[in-house]
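> Let me begin by handing over the structure; questions about it come next.
The values are calculated or read from the model by the stated rules, or taken from the named source; none is laboratory data. From a predicted model like this one, the values you see are computed outputs, not experimental measurements. Reconstructed Cβ throughout: ideal geometry from the backbone, glycine too, with neighbour counts over all protein chains shown.
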């Protein structure tokens, strides 16, 4: 009997591990398009004959679509069957991704990126809802950690794959390949996600709207929404325009070398899941300040004319911002006692709008005053986030 019990436990643990790997892979295939295009910015600027700021804004315009998609899922997600909603979102995501291969103008490229953002966000939001409904309370944390880790991994592998394909096969082939990844994500969900029906609630939308107003009146939640804005503002600003600096003298990397640079995200895959444990040990505010301090500490290294220093700075900025993002996301989930979908929707909308703002504002600073001004802008926004963290009350964690 004991051997049978031990075998059952091993089988259960193995099954759980496999499910978590599938959750992470689903996350990877859902958001792989989001940041991979950033690694193509220099090539895209040359292809469309536009400035870094214009191309950066166009590439990151998908965050506007993600903000719209996040709010839409928050309001109407209760009506959408999780499994089929995720599948259709990923299938539809493949369409604008494929069309990017032949986008004739920058305006068309930007419009397609916005549409990409809507479908990415829909799949993202519905998957989070599915995880919350599918897993028991003691396993929910592990499932969300696996999903976040898959998101972080997409930053590394997506960028590396994008630069490798662009260097060897050209830009059109790169977008065709990524559309195939979107369809692979839909197929994975079809075979691995259980059928959970949509909820039925005639007043859910009204309740979500009332909840959203209540959340915006809460100083702690309001601060967390603003912190989300600051985090992606800083992340996008750093990892959009540093691509141009890496290709210029004195660093002078080529496109293939640029792809390998993005192994700087590897430490974040390890550090991000530790955020929840850090909050449990030291509290939400110290954990947030710790992540932001790590990110700020990396900024001066980005200004040194040495590749090892720049890479070290990128590691710190990535690890710090991803860690802070995990802390903020967890705080929103705990602080919102009611109408959690509304709180999550507002947070995601603020987060992604921050990314678009960072692309536009820091792009202006980069073109007008140079890389040092862009880095200074990132530093100011991260310091603002640290000030806002004072309002993340420990009593709500």
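> So for the stretch 163-172 (the condition being crowded, with 22+ Cβ neighbours inside 10 Å, under 18 Å from the mean Cα position of the chain (by Cα) and either modelled with pLDDT under 90 or over 22 Å from residue 244 (Cβ atoms) (or both)), does at least one residue qualify?
no
> Of everything in the stretch 360-385, what is crowded, with 23+ Cβ neighbours inside 10 Å and over 28 Å from residue 284 (Cβ atoms)? Give them in sequence order.
Of everything in the stretch 360-385, those that are crowded, with 23+ Cβ neighbours inside 10 Å and over 28 Å from residue 284 (Cβ atoms) turn out to be 363, 366, 374.
> A further question follows. Answer with yes or no whether residue 43 is farther than 12 Å from residue 154 by Cβ and touching a helix residue (DSSP H, G or I) at 6+ places or on another chain (Cβ under 7 Å).
Criteria met by residue 43.
Residues are listed down the side, and each one gets a yes or a no for (1) in contact with a helix residue (DSSP H, G or I) (Cβ under 6 Å, 6 or more places away or on another chain); (2) crowded, with 19+ Cβ neighbours inside 10 Å; (3) assigned to a helix (DSSP H, G or I):
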site: 285; (1), (2), (3): yes, yes, yes
site: 297; (1), (2), (3): yes, no, yes
site: 314; (1), (2), (3): yes, yes, yes
site: 323; (1), (2), (3): yes, yes, yes
site: 327; (1), (2), (3): yes, yes, yes
site: 334; (1), (2), (3): no, no, yes
site: 348; (1), (2), (3): yes, yes, yes
site: 351; (1), (2), (3): yes, yes, yes
site: 387; (1), (2), (3): no, no, yes
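> Report, by residue number, each residue of the stretch 62-88 that is surrounded by 23 or more Cβ atoms within 10 Å (Cβ to Cβ) and within 25 Å of residue 104 (Cα to Cα).
62, 63, 65, 66, listed by residue number.
> Please determine whether any residue of the stretch 1-16 is surrounded by 18 or more Cβ atoms within 10 Å (Cβ to Cβ) and either touching a helix residue (DSSP H, G or I) at 6+ places or on another chain (Cβ under 9 Å) or modelled with pLDDT of 90 or more (or both).
Taking every residue of the stretch 1-16 in turn, none turns out to be surrounded by 18 or more Cβ atoms within 10 Å (Cβ to Cβ) and either touching a helix residue (DSSP H, G or I) at 6+ places or on another chain (Cβ under 9 Å) or modelled with pLDDT of 90 or more (or both).
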